[in-house]
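> Sending over a structure as structure tokens; questions will come in a sec.
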Amino acid sequence: MPSITSSFRISVDLKIRVELMAARLNKGKNWVITRALEEYVERHSRDWLKEEARRQSLLAGERRWKDEELWERASSEVWPD
């Protein structure tokens, strides 16, 4: 995938940690930063999807469906208390 150049500020401490990790992995700083950003975005994308699924589930649980009474009657006939 083609890449672009971005510029951003990081703390001196984070810069040192990235450099140490890159040296330990025998990779470039760009590789370390790119992998970290990819993992961060992926993790938070999943979190957002989970939250959205929960929100929609709660909304659907509050809604009364027009044939809900029919299904309740039918289930009580099949599985009486």
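The values are calculated or read from the model by the stated rules, or taken from the named source; none is laboratory data. Here the structure is a predicted model, which means the values were calculated and not measured. Every residue, glycine as well, gets a Cβ built from its backbone with ideal geometry; the counts of neighbours run over all protein chains shown.
> Which of the residues that make up region 27-81 are modelled with pLDDT of 75 or more and either basic (Lys, Arg) or in a loop (DSSP other than H, G, I, E, B) (or both)?
Hits for region 27-81 are Lys27, Gly28, Lys29, Arg35, Arg43, Arg46, Lys50, Arg54, Arg55, Arg73.
> Which pairs do you get when a residue that is β-branched (Val, Ile, Thr), found in region 27-48, comes within reach of a residue that is surrounded by 12 or more Cβ atoms within 10 Å (Cβ to Cβ) and assigned to a helix (DSSP H, G or I), reach meaning Cβ atoms under 6 angstrom, with the pair 6+ apart or on two chains?
From residues that are β-branched (Val, Ile, Thr), the pairs are Val32/Val18; Val32/Met21; Val32/Ala22.
> Considering only residues of region 27-69 that are surrounded by 11 or more Cβ atoms within 10 Å (Cβ to Cβ) and polar (S, T, N, Q), which is nearest to Met1 (Cα to Cα)?
Step by step, filter region 27-69, then rank; the result is Thr34.
> Oh, and also: Kindly provide the set of residues from region 1-26 that are assigned to a helix (DSSP H, G or I), exposed (fewer than 12 other Cβ atoms within 10 Å of the Cβ) and touching a helix residue (DSSP H, G or I) at 6+ places or on another chain (Cβ under 8 Å), ordered by number.
Once the filter is applied, which keeps residues that are assigned to a helix (DSSP H, G or I), exposed (fewer than 12 other Cβ atoms within 10 Å of the Cβ) and touching a helix residue (DSSP H, G or I) at 6+ places or on another chain (Cβ under 8 Å), region 1-26 yields only Leu25.
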